[in-house]
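To start, the structure itself, in structure tokens.
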Amino acid sequence: MRSFLRSVGAVAVCLVAGSAFANSTGINGRSGKQSGLSCTASGCHSGGSGTPTVTLEGPTALTAGQTGQYSLTITGGPGVKAGMNVAVDGATLTAGTGTKLMSGELTHSLPKAFANGSARFDFSLVAPATNGTYKVFAAGNSVNGDNNQGGDAHANATLDVVVTGGSDPVTPDDTKDEGGCSVATSGAPAALIAVFVALAARRRRQSRQG
């Protein structure tokens, strides 16, 4: 019986450790764009001493089709290794060194070691052809590197990017013709009839006088 319990305990430890280790090559859906999902809420990372600071840096204004260079920096927290997830609606993300695309989002390809108290991931964003404000969502994970779910912490950041020089977004009202022309000419048939009646009456008078 004791041997069985020891085996069960060993399996449980492996599962807990595996939940964190399984995401060491990246995960998507934790950027903060999806409400209620985060590195902590996923059950893979929790209990770290100190919350890290996550910052997004890069141009806040782009012209349509322009490529902007951005960086996500994680500072503080357990501070041994770092991971990330970045997402944005409507724009195209391109992976940089140490990152990869996963279902249209960016994540780390491997945990990045902290250097001088921080870890940085670079990436690029291609502005879409439609004008508007596009929000970049980012999550940064600061972990202790022991491949267990405990002792890790994360934080989120966002950055608004304004795109100009492209086409304006189409709204439903822009595609509808409310019949302005028909309203303006709705009285035309009656007016023409009145003109014809007046001309006919005039001709009758002229013929009588002649």
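Close contacts from region 60-71, counting a first residue that is without any contact (Cβ under 8 Å) to a residue 60 or more places away in the chain and small (Gly, Ala, Ser) and a second that is surrounded by 13 or more Cβ atoms within 10 Å (Cβ to Cβ) and assigned to a loop (DSSP other than H, G, I, E, B), with Cβ to Cβ under 7 Å and a gap of 6+ residues or different chains, come to SER71/GLY58. Scanning region 115-142 for residues that are more than 27 Å from THR164 (Cα to Cα) and out of contact with any Cys (no Cβ under 9 Å at 6 or more places or on another chain) gives ALA115, ASN116, GLY117, SER118, ALA119, ARG120, SER142. Scanning region 117-162 for residues that are in contact with a helix residue (DSSP H, G or I) (Cβ under 9 Å, 6 or more places away or on another chain) and either modelled with pLDDT of 95 or more or within 21 Å of GLY96 (Cβ to Cβ) (or both) yields a total of 1. Residue count for region 81-124, restricted to those that are over 23 Å from PRO59 (Cα atoms) and touching a residue at least 12 places away in the same chain (Cβ under 8 Å): 11.
Considering only residues in region 54-89 that are crowded, with 20+ Cβ neighbours inside 10 Å and more than 24 Å from VAL143 (Cα to Cα), the one that is nearest to the chain's Cα centre (by Cα) turns out to be VAL88.
Is it true that SER186 is out of contact with any Ser or Thr (no Cβ under 6 Å at 6 or more places or on another chain), at pLDDT below 95, part of a loop (DSSP other than H, G, I, E, B) and exposed (fewer than 15 other Cβ atoms within 10 Å of the Cβ)? When the stated conditions are applied, SER186 passes them.
The values are calculated or read from the model by the stated rules, or taken from the named source; none is laboratory data. Since the structure is predicted, the reported quantities are computational estimates derived from the model, not experimental observations. For neighbour counting, all protein chains shown are included, and Cβ atoms are generated from backbone atoms with ideal geometry for every residue, glycine included.
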